[in-house]
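One structure is given here, and the rest of the page talks about it.
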Amino acid sequence: MPGLVHIRESARARRARIVVAPYRPIEVVVPAGTPAAWVERFVEQHADWIRQQRSLQLAPQLYVHRPGSAWIDGAPVPAPAGDPVRWYRRRAREAITAAVGREAERLGLHGWSRIRIGDQRTRWGSCSARGTLSFNWRLVMAPAWVREYVVVHELCHLRHLDHSPRFWELLDRACPARRDAQRWLRRLGPELRAYSPAAATET
């Protein structure tokens, strides 16, 4: 099999499909009860396609690991001295705190209690029932308009703590560019998530 493959049975799946996502194991979704031998043959039959997709996806597009450079607001800048993670976190807190204050005022959404900057591996942001807004520090590497989409997304959860139609209606009014931002995150976000400051500073 080409690389690490994760097999997931799904009661809702009507046929087998292969999911090749950047920087994640290859996932094969099959109907419940599919024999393992059949799955292995299915993957081998599509091995060339999987390798092609993987090679295309793993080609860097932002080059955030470029030695001697950091990445702020979607553009390279000289790498800072000292601990790069602490530097990124500080810059992220400054930028995101400013965006939360600005967008909360614009939208009239003031129910948040605090801002948390973390290192989430699967989410860019979240909003708790108590109003804690959490954000991935790597958002500071993205263009400001993409980062502000995530901020507005989480602020909208202060009114609708779900992804109901009412939530999306509110978000679309608050952020008309949200689909463009979502596309940017789907296409380039995995490269940011895979970013390791240690790798970027190696010579």
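For Arg116, the requirement of being among the basic types (Lys, Arg) and either touching a residue at least 24 places away in the same chain (Cβ under 8 Å) or more than 21 Å from Gly101 (Cα to Cα) (or both) is not met. Considering the range 90-143, and only residues there that are acidic (Asp, Glu) and loosely packed, with under 15 Cβ neighbours inside 10 Å, the residue that is nearest to Ala174 (Cα to Cα) turns out to be Glu105. For the subset of the range 39-67 comprising residues that are outside any helix (DSSP H, G or I) and in contact with a helix residue (DSSP H, G or I) (Cβ under 8 Å, 6 or more places away or on another chain), which member is modelled with the lowest pLDDT? For the range 39-67, the residue satisfying everything is Pro60.
Out of curiosity, is Glu94 assigned by TED's automatic domain parsing to the domain that holds His157, in a helix (DSSP H, G or I) and touching a helix residue (DSSP H, G or I) at 6+ places or on another chain (Cβ under 8 Å)?
Details: assigned by TED's automatic domain parsing to the domain that holds His157: yes; in a helix (DSSP H, G or I): yes; touching a helix residue (DSSP H, G or I) at 6+ places or on another chain (Cβ under 8 Å): no.
Taking the combined requirement at face value, the residue does not satisfy it.
Restricting to the range 8-38, what's the tally of residues that are surrounded by 15 or more Cβ atoms within 10 Å (Cβ to Cβ), outside any strand (DSSP E or B) and at pLDDT 90 or above? The total comes to 2.
So for the range 177-187 (the condition being part of a loop (DSSP other than H, G, I, E, B), of a type outside the set (Phe, Trp, Tyr), out of contact with any Ser or Thr (no Cβ under 7 Å at 6 or more places or on another chain) and touching a residue at least 24 places away in the same chain (Cβ under 8 Å)), does at least one residue qualify?
Checked against the condition, which is being part of a loop (DSSP other than H, G, I, E, B), of a type outside the set (Phe, Trp, Tyr), out of contact with any Ser or Thr (no Cβ under 7 Å at 6 or more places or on another chain) and touching a residue at least 24 places away in the same chain (Cβ under 8 Å), the range 177-187 yields at least one hit.
The values are calculated or read from the model by the stated rules, or taken from the named source; none is laboratory data. Just so it is clear, the model here is predicted, and its values are computed rather than measured. In this analysis, Cβ positions are derived from the backbone assuming ideal geometry, glycine residues included, and neighbour counts consider all displayed protein chains.
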